[in-house]
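The values are calculated or read from the model by the stated rules, or taken from the named source; none is laboratory data. In this text, all values refer to a predicted model and were calculated from it rather than measured experimentally. Here the Cβ is made from the backbone with ideal geometry for all residues, glycine too, and neighbour counts use every protein chain on show. Side chains included, ligands, DNA and RNA excluded: accessible areas come from the protein's heavy atoms. Shrake-Rupley method; radii C 1.70, N 1.55, O 1.52, S 1.80 Å.
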Amino acid sequence: MNDSQVAGGALEGVRVLDFSRIWAGPHATKLLADMGAEVIKVESIRAWDPHRMIVGSGNLPDGERGDDPWNRSGWFNTLHMSKLGVTAEMRHPKGKAIIEELVSISDVVIENFRAGLMERRGLGYEVLRAIRPDVIMLSMPAFGSVGPWKDFIQYGIGQEQLGGISSMNGYRGEDAPVKSGVNFGDPISGAHAAGAILSALWRRRRTGQGCFIDVSQLESAIMTIGEHLLGFQMNGKRPENRGNRHPVYAPHGAYPCRGEDEWITIAVADDNEWQRMCDAMGMPQLATDPDYSDILARHRNHDALDAVISGWTQDKSAYEVMRVLQGAGVSSAPVMTGEAIFNDPQYQERGLLEFVDHPSCGPYFMPGAAWKMSETPPGVRWHAPTLGEHNEQVFGELLGMDASAIAALDAEGVSGTAPQVG
């Protein structure tokens, strides 16, 4: 983390009250926090973010639970950097009163509970708008806030299947749906939610009006295959599993390189790039071979072409192939492991990973912002909050509560910094 990222972000001065949990909502608010928004993460000592308790050995520093495993989850700590963390029990009158005070000084409220939960807790949009007329509220339940599915609960792990994405994943010629390696619906929904909030903030700047934004996580996931839906509507053809093939580019795929499970990706956009690739491979004759001379021929003979390219790549390192092809103006990059990403000079130069020191986990490299802005650089400003870490700061400095009042909240179970037992 560097000094230029501590202040001066594009969203400096915007306060976001964040009730969201797990991945989709927290990803949205992380994007906003990366850009300088003051995000206040609201949990309770009775029901904190479930990501805090994904504490399998692979998700904890050195595989150790420690004395406070709820503060050591890698998932949680990756998604909540640069946020303030408070605890307030919304079921308790005093906790609800604190939340209402925070709403009165916040620009944005975001939640991804089951549809209608905030209304049942007396914190729906109409209530929040009465507290702050220009507030922007974003709700992102799995299926939106209206419709016949609105009362169902769903997580990102199922959005690919319900959204039809998995039916298009997999190796060529195989019909069985294949899930991607991550819960794809979560980060996609989070990115869309962040974009919607930015649009609403821009609109409010021009009109002075807040709004309610209803984001269906399922519909957000479906948007990623929009062209295929339109294609089916227009010609009735169902998309097929393409594996690593591309509907236009050829050759296009992942090719074996020297070493165990080492691969290089190559994407040739047109005949000019193909000519350059043939020259780079030392096989200029392929450019005039009738089987490969134009993009339609390459598509027809893609299997044979893949065998030729694999024969050229298999005794070379992935980075060697990348340098040769990129030098010729052909798109190419290695398939990277996590360790390779960490050691990649391009990612290191761009500061993709940032050094973050967490009080319960120690120092680690964590993912920073994936984009750069010259005037208002985004990035990590501080570690993810331990449970209720900023109660005194937020309740005292923002709400004007004195130390005895804050201590009373702890004594009554309204707030605190340790999980409630029993």
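Observations on the structure shown:
- Complete set of residues in segment 20-41 that are in a loop (DSSP other than H, G, I, E, B) and closer than 14 Å to residue 197 by Cβ: 20, 35, 36, 37
- Test: residue in segment 124-135 that is surrounded by fewer than 17 Cβ atoms within 10 Å (Cβ to Cβ), touching a residue at least 12 places away in the same chain (Cβ under 8 Å) and either more than 30 Å from residue 95 (Cα to Cα) or acidic (Asp, Glu) (or both): yes
- Residues satisfying the stated conditions in segment 191-228, i.e. open to solvent by 40 Å² or more (accessible area, probe 1.4 Å), closer than 24 Å to residue 132 by Cα, part of a helix (DSSP H, G or I) and not charged (D, E, K, R): 198, 199, 202, 207
- For segment 179-190, taking the residues that are among the small types (Gly, Ala, Ser) and without any contact (Cβ under 8 Å) to a residue 40 or more places away in the chain, the one that is most open to solvent (accessible area, probe 1.4 Å) is identified as 181.
- Count of residues meeting criterion [buried (at least 17 other Cβ atoms within 10 Å of the Cβ) and more than 19 Å from residue 296 (Cβ to Cβ)] in segment 229-253: 1
- Scanning segment 20-78 for residues that are open to solvent by less than 40 Å² (accessible area, probe 1.4 Å) and of a type in the set (Phe, Trp, Tyr) returns 23, 76.
- Some residue of segment 312-325 being without any contact (Cβ under 8 Å) to a residue 24 or more places away in the chain, closer than 25 Å to residue 49 by Cα and either touching an Asp or Glu at 6+ places or on another chain (Cβ under 7 Å) or not β-branched (Val, Ile, Thr) (or both): no
- Scanning segment 68-85 for residues that are in a helix (DSSP H, G or I) and either of a type in the set (S, T, N, Q) or under 26 Å from residue 153 (Cα atoms) (or both) returns 70, 71, 74, 75, 76, 77, 78, 79.
- Helices (runs of 4 or more DSSP H) enclosed by segment 86-187 - at least 2 residues per element that are within 25 Å of the chain's Cα centre (by Cα) and farther than 27 Å from residue 226 by Cβ: 117-120
- In summary, residue 10 fulfils each of the numbered conditions (1) over 18 Å from the mean Cα position of the chain (by Cα); (2) touching a residue at least 60 places away in the same chain (Cβ under 8 Å); (3) crowded, with 22+ Cβ neighbours inside 10 Å with the single exception of condition (3).
- Qualifying residue in segment 286-296 (condition: free of Cβ contacts under 8 Å to residues at least 24 places away in the same chain, surrounded by fewer than 18 Cβ atoms within 10 Å (Cβ to Cβ), in a helix (DSSP H, G or I) and more than 33 Å from the chain's Cα centre (by Cα)): yes
- When the criteria are applied in full, residue 417 meets the requirement of being surrounded by 11 or more Cβ atoms within 10 Å (Cβ to Cβ), closer than 22 Å to residue 100 by Cα and at pLDDT below 95.
Results for (1) farther than 27 Å from residue 107 by Cβ; (2) in contact with a Ser or Thr (Cβ under 6 Å, 6 or more places away or on another chain); (3) not hydrophobic (A, V, I, L, M, F, W, C), shown as yes or no for each residue.
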{"residue": "139", "(1), (2), (3)": "no, yes, yes"}
{"residue": "146", "(1), (2), (3)": "no, no, no"}
{"residue": "149", "(1), (2), (3)": "yes, no, no"}
{"residue": "155", "(1), (2), (3)": "yes, no, yes"}
{"residue": "158", "(1), (2), (3)": "yes, no, yes"}
{"residue": "196", "(1), (2), (3)": "no, no, no"}
{"residue": "200", "(1), (2), (3)": "no, no, no"}
{"residue": "210", "(1), (2), (3)": "no, no, yes"}
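- Residue ID - nearest to residue 78 (Cα to Cα), chosen from residues in segment 335-369 that are polar (S, T, N, Q) and open to solvent by less than 90 Å² (accessible area, probe 1.4 Å): 360
- If only residues of segment 297-311 that are touching a Phe, Trp or Tyr at 6+ places or on another chain (Cβ under 9 Å) and either among the hydroxyl-bearing types (Ser, Thr, Tyr) or touching a residue at least 40 places away in the same chain (Cβ under 8 Å) (or both) are counted, the one that is surrounded by the fewest Cβ atoms within 10 Å (Cβ to Cβ) is 310.
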